[in-house]
Structures are given as structure tokens and as C-alpha cells.
Amino acid sequence: MKIRRFSATAFAAALLIPGLAACNGDGTSDASATPSASGSVAPSASASNSAAKQALLDSTNAIRDGNFRFAMTGAGSTAEGQVHEPSQSAEMKMTIGDPSSDLMMKLDLIHAKPDSWVKLELGGTAAAQIPGVKNINTGKYQHLDQNRIKGNRSLGFDFEKVDPAGSAVLTQGVTEVRQTGDGAFEGTVDVSKAAEAGSLDPAVITALGAQAQSVPFTAKVDPQGRLSELVLKIPAAGQSAAQDVKITYSDYGSAAAATKPPADQVVEAPSELYNLFN
């Protein structure tokens, strides 16, 4: 058993996947009720929408400074953590599934360049089938060989691309947006544009079909115009109910450096761990 593309960088994709298995891909959505990009939109409305989109694009600029806390929730999965580029460190705690799932996974990833550690807990009805699971579920932080995770998005962290949720890429795919209040926005986003940049798993886009071109969203910015919340409203598809994927940012400029695990809580990662994520 292998975990495909499981990482903080691709966590938004992992959140979207479970609820989309029954998507019929017929393109049905509420987008038809919104104004199109044709001449039916009044010039003043077009100008307003343009300003709103620029404000939303600008709201992600502070993320690139790499000093913030974040959280992501959706489809029974959660992630939270902090990025502190000044110290070249980051920490992410993630949970996917629960003990009743086929596979439940909890990870505590710590990066303090040039080192990385992961504490991994595997559960669920299929966990016993994972080769070497007893060597992985140790309850300790496992030190990672950087040569073995180089280029691996599952266990590595790229301090050149510090946003685990890829919100900057997602906002670039906005197709329509309007300001609904002080620091509040709503509209639609073409998530297939984000897939081109690797922010979302291509399987998610395939499941959504034509609906991928107009996924509803809401967003909020703080008083300084920085993105504080982004919610993707995944429509109901087939037998799957509609669901929200929520991404939040906070503590811009005041996040703490990640704390390295104590030496007595560290072991070297076994080969079974690398095999699980490769």
C-alpha cells in the first residue's frame, strides 16, 4: 500500500478527494445563474469586479514572506501549522481519516533546515496490511535522510514555495469575484488552472469535470488586506453531499520558529517509511 502525493503542499488536494468519488462530471452547477463575461455586465460592475480580483490577488503577497500560521479543514481531514522562513523552519500537524476509515494517518512534520523529522501514526482497518507498520508506528520522531526525500513532496518542504495550501495559485484561477462587504469576497474559481501549477491533484479535477471551471468560493482579508480565509465550496456530485474546504491564515509576521524534537525522542527513519511515501 502506498500513499500518493500525501504532503502539506498538496493537502488541499487530499481534502478534496474523498467527497468526489461519485461525481458525474456533467458540469451542472449554479454558475449559470451568475453574470457571464459577455457585454451583459455593466462597465461599472466589470470595473468593480476587476478591483475585487486585484485586491484578492494582492492579499496573498504576504504569504510569500514565509512568516504565518495556517489551518486547513475539509472532508474529515485537518491540518495546522506554522511557517517561519527567517529561521528556515516549519511545522505541520495533519490528520486524514479516523480509526473507522480504511486508513487513518496522523503526521507531525518538523523542518529545521537542513533537517526534517516526522512522527507518524497509522490506524484504520487496513493499517495492519502496510509492510513494516510496526517499524513506523514507534511513537517517536523519525529523522529523515535528506538525500532520500529530495524532491519528495510528501516528506520534504520547499522554502522557495512556502505556502502549504497554494492559495496564491488558487486566487490566480479566479474567474469571477465581487466584494460583498468590508474585507469579504465571493465568486468562482477555475481549479483546473491551479492543477497546472501542481496545487491540486489532477484526480480531483477529473472528478469534478466541467464543474472544475466554476467552483464557488468565499474569501476574507484582514484589516491590512492580507488573506485570512479562503473557502472552496465543492458542489454536491452524485451521492456525495456538498462540502467546504476551508483554509485560514493568521499571525502574519509573528509566527514562531519550529522547535526541534528532543534527542531522546528521535530515531532514524526506517526504509519502510520511505517506501510508504515513494
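Here is a yes/no grid of residues against (1) closer than 25 Å to Gln142 by Cα; (2) surrounded by fewer than 18 Cβ atoms within 10 Å (Cβ to Cβ); (3) modelled with pLDDT of 70 or more:
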site	(1), (2), (3)
Ala37	no, yes, no
Val41	no, yes, no
Ser50	no, yes, yes
Asp98	yes, yes, yes
Ser116	yes, no, yes
Ala128	yes, yes, yes
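Per the listing Ala71, Ala79, the residue uniquely of a type in the set (A, V, I, L, M), closer than 30 Å to Gln179 by Cα and in contact with an Asp or Glu (Cβ under 6 Å, 6 or more places away or on another chain) is Ala71. Checking each residue in the range 130-153 for being more than 14 Å from Glu272 (Cβ to Cβ), within 25 Å of the chain's Cα centre (by Cα), at pLDDT 85 or above and outside any helix (DSSP H, G or I) picks out Tyr141, His143. Among the residues of the range 146-180 satisfying the criterion of being touching a strand residue (DSSP E or B) at 6+ places or on another chain (Cβ under 7 Å) and crowded, with 22+ Cβ neighbours inside 10 Å, which is nearest to Arg226 (Cα to Cα)? Going through the qualifying residues, I end up with Ser167.
Scanning the range 231-254 for residues that are modelled with pLDDT of 95 or more and either in contact with a helix residue (DSSP H, G or I) (Cβ under 6 Å, 6 or more places away or on another chain) or in a loop (DSSP other than H, G, I, E, B) (or both) turns up Asp251, Tyr252, Gly253, Ser254.
Across the range 142-191, the number of residues qualifying as among the aromatic types (Phe, Trp, Tyr) and closer than 30 Å to Val266 by Cα comes to 2.
The values are calculated or read from the model by the stated rules, or taken from the named source; none is laboratory data. Keep in mind that what you see is a predicted model, and the values were worked out from it rather than measured. Heads up, the Cβs are rebuilt from the backbone with ideal geometry, glycines too, and the neighbour counts pull from every protein chain shown.
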